[in-house]
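Student: Structure provided below as structure tokens; questions to follow.
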């Protein structure tokens with residue numbers, strides 16, 4: 001009987017340990033990857049303030065002079081007079097610096113001489129035109145209409161040249177006047193940037209002048225509080241360097257655009273120097289602002305940016321996204337809106353002071369979504 005050889009399949013003949021390795025590799029390769037953790041989106045939000053709690057509030061700020069300017073020449077030249085030094089006081093119109101005017105005087109003389117010559121030519125051209133025109137009227141055969149036209153053209157051209165040179169003389173005279181630098185208002189010199197006999201160029205700062213009699217104080221007001229500016233009736237400013245001194249102030253102007261970084265409006269206060277102290281520009285201090293809100297403002301005083309309000313199925317109803325302070329989830333809330341002002345929309349009902357409301361991107365979020373708060377209200381965001 002012929003001997004039959006058994007052919008063994010290589011996989012079937014593999015040892016047990018190799019089977020175990022292959023099985024574990026297959027299992028690990030087919031296992032699903034763990035899902036990556038999704039970070040909640042960051043949404044711009046603000047916390048509503050209670051109108052009654054805003055009747056008194058303190059805002060830090062810094063003083064600056066009511067008027068301050070860096071003075072410079074409008075022409076180039078060497079300084080020949082610089083009577084101004086740091087601490088010197090000047091009245092409006094006083095000379096604070098002067099540069100050598102000789103080059104500009106020479107240019108003025110040249111322009112004046114050229115103008116006089118042009119005016120003489122214009123006068124002669126006008127007389128020639130008048131003479132030829134009279135001859136043509138009395139005896140058309142003694143001259144031609146072409147000659148009259150040429151005389152008229154010469155007259156007009158010489159007049160235009162004289163007018164142009166008149167403007168050049170005026171500009172040259174202005175440059176002579178620009179060699180003298182005068183104080184635009186009464187003030188004190190706080191800094192000088194050049195030395196006498198130094199050559200300065202046009203628009204190069206020569207000295208800094210400020211008026212310390214009127215002091216401005218700039219504060220930053222969050223956008224959810226700027227709406228109460230019309231109700232302010234008293235502002236008192238105190239400075240860290242002047243303890244015990246209280247200076248009454250008034251609102252001079254309110255910025256119309258909020259800072260993109262801090263979402264606050266710049267408000268400029270103005271005050272006079274007190275009798276018993278001196279406020280210096282740069283001093284840090286605090287403005288205590290008081291307001292007496294009418295009853296209707298207290299009841300409906302909360303305002304939101306128009307970008308925070310949206311509509312759902314019924315376009316007649318208004319909604320906002322309210323952020324739960326604990327779970328950080330969104331909930332749509334129907335509200336009743338009032339008048340639209342330059343700062344936002346008045347909220348008559350549906351919201352309470354202290355609640356967080358999404359103010360931008362309201363169409364990119366959904367009900368029940370977990371979010372992170374990007375505070376733009378000037379308050380401390382809930383943790």
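The values are calculated or read from the model by the stated rules, or taken from the named source; none is laboratory data. Everything numeric here is computed off the predicted structure, so don't read it as measured data. Here the Cβ positions follow ideal geometry from the backbone for every residue, glycine too, while neighbour counts run over all protein chains shown.
Student: Which members of segment 144-181 meet the condition of being within 54 Å of the chain's Cα centre (by Cα), farther than 30 Å from residue 82 by Cα and crowded, with 17+ Cβ neighbours inside 10 Å?
Tutor: The answer is 155, 158, 159, 161, 162, 165.
Student: Condition (residue is surrounded by 15 or more Cβ atoms within 10 Å (Cβ to Cβ), under 22 Å from residue 48 (Cβ atoms) and touching a helix residue (DSSP H, G or I) at 6+ places or on another chain (Cβ under 7 Å)) applied to segment 249-257: is it met by at least one residue?
Tutor: Yes, the conditions are met somewhere in segment 249-257.
Student: Follow-up. Check residue 302 against each of (1) surrounded by 12 or more Cβ atoms within 10 Å (Cβ to Cβ); (2) over 22 Å from residue 376 (Cβ atoms); (3) modelled with pLDDT under 85 and name the one condition it does not meet.
Tutor: The failed condition is (2).
Student: Sticking with this structure for a sec: Among the residues in segment 238-251, are any touching a residue at least 40 places away in the same chain (Cβ under 8 Å), in contact with a strand residue (DSSP E or B) (Cβ under 7 Å, 6 or more places away or on another chain) and assigned to a strand (DSSP E or B)?
Tutor: Looking for residues that are touching a residue at least 40 places away in the same chain (Cβ under 8 Å), in contact with a strand residue (DSSP E or B) (Cβ under 7 Å, 6 or more places away or on another chain) and assigned to a strand (DSSP E or B), one finds at least one in segment 238-251, hence yes.
Student: Then there's this: Consider only pairs whose beta carbons are under 6 Å apart and that are at least six residues apart or on different chains; among these, list those whose first residue lies in segment 274-285 and is in the same structural domain as residue 240 (by TED's automatic domain parsing) and touching a residue at least 40 places away in the same chain (Cβ under 8 Å) and whose second residue is exposed (fewer than 15 other Cβ atoms within 10 Å of the Cβ) and part of a strand (DSSP E or B).
Tutor: As it stands, the answer is 284/62, since those pairs meet every condition given.
Student: If you don't mind, another one. Of these, 357, 371, 365, which one is at pLDDT 90 or above, touching a helix residue (DSSP H, G or I) at 6+ places or on another chain (Cβ under 8 Å) and on the phi < 0 side of the Ramachandran plot?
Tutor: Numbers: 371 fails: touching a helix residue (DSSP H, G or I) at 6+ places or on another chain (Cβ under 8 Å); 365 fails: touching a helix residue (DSSP H, G or I) at 6+ places or on another chain (Cβ under 8 Å).
On inspection, the qualifying residue turns out to be 357.
Student: Applying the selection to segment 326-347, what residues are at pLDDT below 80 and within 17 Å of residue 46 (Cα to Cα)?
Tutor: Hits for segment 326-347 are 343, 344, 346.
Student: OK, next. Which members of segment 58-72 meet the condition of being surrounded by 16 or more Cβ atoms within 10 Å (Cβ to Cβ) and farther than 14 Å from residue 209 by Cα?
Tutor: Across segment 58-72, the qualifying residues are 59, 61, 63.
Student: Residue 206 fails exactly one of the following numbered conditions: (1) buried (at least 18 other Cβ atoms within 10 Å of the Cβ); (2) at pLDDT 95 or above; (3) more than 30 Å from residue 270 (Cα to Cα). What is the number of that condition?
Tutor: Unmet for residue 206, out of (1) buried (at least 18 other Cβ atoms within 10 Å of the Cβ); (2) at pLDDT 95 or above; (3) more than 30 Å from residue 270 (Cα to Cα): (3).
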